[in-house]
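The structure under discussion appears below in the form of structure tokens.
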Amino acid sequence: MNFTDDIKANRPKISANSLRTYNSLLRSIYKGAFGADEKPDASLFSKRYGKVLDFLSEKTANTRKTYLAALVCIAPNVDSYRREMMDDIRKHREETEKSELTTKLEESVGWISSMVQSSRGKKAIFALVYSDS
């Protein structure tokens, strides 16, 4: 099962690594959504996009956005793929920002805890809290 020619038809300047990755992703989607046919039909990605989206619905947004990027490449006429991909990118970005904020908060709490535990830190905190400025 190989979608290389179909991908190259839509993206002639695609890199070799992206081509391999997209081809692998599309094979996985095809097998999951349509079965393991000997002679795959790339047009099914456009004609039966509902079935493809159903197959992808169980994947996380982070994983699904990568699959959708391959689908946008092979079926650029299916707006649902692009919309879903952009939505997944937004969700992934929001989750990443939450994670980064949590990490920063944890670092701040750790720093404050170490300051409170040391006598030098206690004096510095006392000076900050009770300064005249």
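Within segment 47-88, how many residues turn out to be in a loop (DSSP other than H, G, I, E, B) and either crowded, with 19+ Cβ neighbours inside 10 Å or of a type outside the set (D, E, K, R) (or both)?
Number satisfying all stated conditions: 6.
Search segment 6-27 for residues being outside any helix (DSSP H, G or I) and either free of Cβ contacts under 8 Å to residues at least 24 places away in the same chain or under 18 Å from P40 (Cα atoms) (or both), and hand back the single one that is nearest to the chain's Cα centre (by Cα).
Residue satisfying both the conditions and the ranking: S15.
Among the listed residues L19, L44, L25, which satisfies the condition of being surrounded by 13 or more Cβ atoms within 10 Å (Cβ to Cβ) and either of a type in the set (F, W, Y) or under 24 Å from R93 (Cβ atoms) (or both)?
Only one candidate passes the filter, namely L25.
Only the coordinates and a few stated rules stand behind these numbers; no lab work does. Keep in mind that this is a model prediction, so the values were computed, not measured. With ideal geometry, Cβ positions are generated from the backbone for all residues, glycine too; neighbour counts draw on all protein chains shown.
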